[in-house]
């Protein structure tokens, strides 16, 4: 993996990851305006990453060339991995951030809840209850795996629950909107330079 911190004070970073399965570039600005440029080869994932960017007020670019002739697993997993690593590297010791974030988000009949602790201790608890095998060209099992991988690579505790809803597209989109709002809250700067922990250290 190659990493370039464009401007740490402005909380911007660019990363790339090249393997025999995927070639991905990702740039992230935590203090952006919700602008995105996404092309993963998976239309539903593109839509959800754009949603995440908009509602977290992150500027996000993701480009992925993956082995989709196999299936969507590697592209989905590695996009989450690189995005999580971008978050983790930008946050560093987590100094000056709120650390915790939570949100509910609806989309029509669907309602989702996301709770985030940027603790440095990864823990994914993801309950989506999806019924369809695929949504667009994105396998439902890989939607869950995306959230799990994001939690592990960003070193955060992430709880995502879909509380109600009949339409799986709505359920997934509500979950991403809730995650976006929770991450936007957890990454905000508080004006303190301290580490948000009674231990004086996170992880």
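Points worth noting:
- Value of D in µm² per second that Stokes-Einstein yields for region 2-186, Kirkwood Rh from Cα pairs, at 37 °C (0.692 mPa s): 204 µm²/s
- Under the simplified labelling scheme, the residue 14-residue 102 pair shows an inter-label distance of 3.9 nm, with each label point 7 Å from Cα along Cα→Cβ.
- Cα centroid separation - region 61-125 against region 136-184, whole Å: 8 Å
- Computed label-point distance, nm, for sites residue 93 and residue 189 using a 7 Å Cα→Cβ extension: 1.7 nm
- For residue 70 and residue 39, the FRET efficiency from 1/(1 + (r/R0)^6), where r spans their Cβ atoms and R0 equals 30 Å, is about 0.95.
- Peptide packing for 185-191, 74-80 was compared via the average number of neighbouring C-beta atoms within 10 Å per residue; ordered from the highest value, the list is 74-80, 185-191.
- Cβ-Cβ FRET estimate between residue 109 and residue 134, R0 fixed at 25 Å, reported to 0.05: 0.75
- When restricted to Cα atoms, region 105-172 yields an Rg and a Dmax of 12.3, 34 Å, respectively.
- Mean projected area in nm² (Cα convex hull; one quarter of hull surface) for region 45-111: 6.2 nm²
Values in this text are rule-based calculations from the coordinates and carry no lab data. Given the structure is predicted, the values throughout are model-derived calculations rather than measurements. A quick note on method: Cβ atoms are made from the backbone with ideal geometry, for glycine too, and the neighbour counts reach across all protein chains shown.
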